[in-house]
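To start, the structure itself, in structure tokens.
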């Protein structure tokens, strides 16, 4: 009768342990796939895009904030951030405009790679890029700020059936003098003369300088059961006076409210409003 022999263990030698450790380390690098400080990704854009907080204040963003954006009071800091955005709009880097990049990038990528812009039409750039830069820079200066994604109510009223498009805008809100105020980072970066109006806006009990939130009351109900209902919009200037924007979501940034791309935003608008 043959004597049974014990099988060899894979973990028998130190060499095997080293090989196993190396394999685990390589797997960990692939899973993480990004450099926290610089926001760089050795494996490509797709991994880098979803690997960290979208509006994280990286060291190089904080360096810009400390060296290029001054101010002592909350209002001074806010005004200086908006003027910095105007300077970025005038002279900052750009990438070729593509809907693919909408909401996919971090603030660090936007600032240092460039704004998503059509070079043939200077005013055609991405509002969410500006909103993300604003909230990140505001927090870097010690201000409370939040990202506000909206959908045009006027567009919704004129679009009874889903047509595969969406019309919206990315605003921001900042906490000044004990209350939240709406800011349009893209609009004010394009038009610096509008920044001066903010000084008046932040001293008003009821803001009248666009953009601002406004509550509307209307009659709702069925048949004899009627009641007063309210709805709140963000109002912003337009060619016809003002445009109403219904608030889709408010958070730290677009990813925080579940938006990682334009296609995802379209799908969620379809599910919520149609």
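Using the beta-carbon distance between residue 90 and residue 230 and R0 = 30 Å, what value does 1/(1 + (r/R0)^6) give for FRET efficiency, to the nearest 0.05?
Values: r = 41 Å, r/R0 = 1.36.
That pair, residue 90 with residue 230, gives E of 0.15.
Quote the FRET efficiency, to the nearest 0.05, computed for residue 76 versus residue 179 with a Förster distance R0 of 22 Å and r equal to the Cβ-Cβ distance. Intermediate results must be reported in sequence, preceding the final value.
Working: r = 18 Å, r/R0 = 0.81.
The calculated FRET efficiency here is 0.80.
Take the Cα of residue 191, go 7 Å toward its beta carbon, and the backbone nitrogen atoms of the stretch 142-185 under 17 Å from that spot belong to 169-172, 182-185. Between residue 203 and residue 83, the modelled label-to-label distance comes to 1.8 nm, taking each label 7 Å out from Cα in the direction of the beta carbon. A full extension of the chain between residue 60 and residue 260 corresponds to an added length of 69.7 nm, given 0.36 nm per residue minus the alpha carbon distance. Computing FRET efficiency as 1/(1 + (r/R0)^6) for residue 158 and residue 67, where r is the C-beta to C-beta distance and R0 is 35 Å, gives about 0.15.
With the simple spin-label model, which puts each label point 7 Å out from Cα in the Cβ direction, the residue 218 to residue 167 separation comes to 1.6 nm.
Each value in this text was obtained by applying a stated rule to the coordinates, not by laboratory testing. This structure is a prediction, so every number in the text was calculated from the model and none was measured. In this analysis, Cβ positions are derived from the backbone assuming ideal geometry, glycine residues included, and neighbour counts consider all displayed protein chains.
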